[in-house]
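The values are calculated or read from the model by the stated rules, or taken from the named source; none is laboratory data. In this text the structure is predicted, and so the values were computed from the model without any measurement. Don't worry about glycine lacking a Cβ; one is built from the backbone with ideal geometry, like all the others, and counts go over all protein chains shown. Surface accessibility is based on the protein's heavy atoms, side chains included, excluding ligands, DNA and RNA. Shrake-Rupley method; radii C 1.70, N 1.55, O 1.52, S 1.80 Å.
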Amino acid sequence: MRSGMAEDPTNDDRFKQARRLIRKGKYGPAIELVWLLVAEYPLDADLQESLASAYFMAGDFSAALRHFERVTKLAPHASGKALVNMGAVYNRTGDHRKAVEVLRRGIAREKRSAEGFYNLGFAHRKLGQNAMAINAYKEAVKVNPEFAEAFQNLGNLYLEMKNFQQARMQFERALSIRPDFKKAKNGLAESERESNAARREYSPFGRLVDPAKAKKTSKKNVKEMSSAQRCRDRADLHDLASELEETTRRFTTALRDELEPALYGLERLIGTGRSDESLLKGIEEFHQSAVAARERRGEMKRKVLELWAHEELQNTPSTPAKAEDPDTVDTEEEFGDATPMIIVDD
């Protein structure tokens, strides 16, 4: 710890007691205890972080932001973690654009922060940027394969996109980690319910539609937009399509001009029985070409997901509130997103 506080056993014990109070949910007493220590050690970053965490959990988000900001100034080496926590606070206040901005800065410093990617996914989801949300949640579970909340939120995204197989897989993964995870249980049940309904509507003779039914439902399947919104949508779609075309061109170029020649060159070297430095060089060239092609493929895949997410967003109308149905699960309450979370040391 800083400012010599660790050298004083009494104050160190009081700090640990405050941490225990926070973990027990006794935020008021914890905040009072930490403030007593802050009066003596105003430049201690650990104390500021504990205050911020307690305020966040107590629901005082403006105070939490204020003290996390102080951590970034008092301990620049720990600013990545503090920025990730600030992003979580902005998510809780509903300022998701600010959350994205702050979280990207935090992740740039804390590249292995599962909570950072998780909160970034949450922010993108709330902004309707589902493809970017999926990528962020996938990074979170890559860093922490036991992150049940990230799997559950991924399940919600796939469920919204009508990808029922992927939704089930994510909910099942969340339940394999936390068998008592109620939201994941309800999400799994909803994905199976919607999947069964979709199968019942499918006709083996093709997409035959009852004209009367089509006329009745056509309006609700189209998002209402003003002229300005339509112009903006066309511009966004044009940009996405152009970017996808460019990433596809780079991918095919990498396959044709880099990977294919490297593969043929390696085959020739192996065919001649060479085992000297030229073979090692050929192997290295092939490896580098394969890595480059994989990166280009990843760029193309991300653009496809963004285009898909754009289409899904535009084709999803605002749904009116439905009458209470005892057989319908309240999606927001029962399997909505798991909430943003800050990083708290034990």
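Could you say whether any residue in the stretch 182-195 is out of contact with any Phe, Trp or Tyr (no Cβ under 9 Å at 6 or more places or on another chain), farther than 14 Å from Leu154 by Cβ, of a type in the set (Asp, Glu) and at pLDDT below 95? Within the stretch 182-195, not a single residue is out of contact with any Phe, Trp or Tyr (no Cβ under 9 Å at 6 or more places or on another chain), farther than 14 Å from Leu154 by Cβ, of a type in the set (Asp, Glu) and at pLDDT below 95. The sole residue among Ala99, Ala82, Ala63 that is surrounded by fewer than 24 Cβ atoms within 10 Å (Cβ to Cβ) and either more than 20 Å from Ala30 (Cα to Cα) or among the small types (Gly, Ala, Ser) (or both) is Ala63. Among the residues that make up the stretch 217-234, is at least one of them over 37 Å from the mean Cα position of the chain (by Cα), at pLDDT below 75 and loosely packed, with under 11 Cβ neighbours inside 10 Å? No - not one qualifying residue is present in the stretch 217-234.
Per-residue answers, yes or no, for (1) at pLDDT 65 or above; (2) in a helix (DSSP H, G or I); (3) open to solvent by 40 Å² or more (accessible area, probe 1.4 Å):
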position: Ile283; (1), (2), (3): yes, yes, yes
position: Ala293; (1), (2), (3): yes, yes, no
position: Glu312; (1), (2), (3): no, yes, yes
position: Glu333; (1), (2), (3): no, yes, yes
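If you go through the stretch 1-17 and keep only what is of a type in the set (Lys, Arg) and at pLDDT 80 or above, you end up with Arg14, Lys16.
Scanning the stretch 85-96 for residues that are among the small types (Gly, Ala, Ser) and open to solvent by less than 10 Å² (accessible area, probe 1.4 Å) yields a count of 2. In the stretch 172-184, the residues that are β-branched (Val, Ile, Thr) reach residues that are open to solvent by 40 Å² or more (accessible area, probe 1.4 Å) with C-beta atoms within less than 9 angstrom, at least six apart or across chains, in these pairs: Ile177/Pro145; Ile177/Glu146.
Among the residues of the stretch 97-117, none qualifies, meaning not one is part of a helix (DSSP H, G or I), more than 22 Å from Phe68 (Cβ to Cβ) and in contact with a Gly (Cβ under 6 Å, 6 or more places away or on another chain).
If I ask for residues that are open to solvent by 20 Å² or more (accessible area, probe 1.4 Å), without any contact (Cβ under 8 Å) to a residue 60 or more places away in the chain and in contact with an Asp or Glu (Cβ under 8 Å, 6 or more places away or on another chain), which ones from the stretch 127-171 would you list? Of everything in the stretch 127-171, those that are open to solvent by 20 Å² or more (accessible area, probe 1.4 Å), without any contact (Cβ under 8 Å) to a residue 60 or more places away in the chain and in contact with an Asp or Glu (Cβ under 8 Å, 6 or more places away or on another chain) turn out to be Lys162, Phe164, Arg168. Residue pairs whose Cβ atoms lie under 7 Å apart, sitting 6 or more positions apart in sequence or on different chains, and linking a residue in the stretch 230-257 that is touching a residue at least 24 places away in the same chain (Cβ under 8 Å) and over 28 Å from Gln288 (Cβ atoms) to a partner that is of a type in the set (Val, Ile, Thr) and surrounded by 11 or more Cβ atoms within 10 Å (Cβ to Cβ), do not occur here.
Any chance the stretch 45-68 includes a residue that's basic (Lys, Arg) and assigned to a loop (DSSP other than H, G, I, E, B)?
No, the conditions are met nowhere in the stretch 45-68.
Yes or no, residue by residue, for (1) part of a helix (DSSP H, G or I); (2) over 11 Å from the mean Cα position of the chain (by Cα); (3) not aromatic (Phe, Trp, Tyr):
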site: Ala136; (1), (2), (3): yes, no, yes
site: Lys162; (1), (2), (3): no, yes, yes
site: Pro179; (1), (2), (3): no, yes, yes
site: Lys185; (1), (2), (3): yes, yes, yes
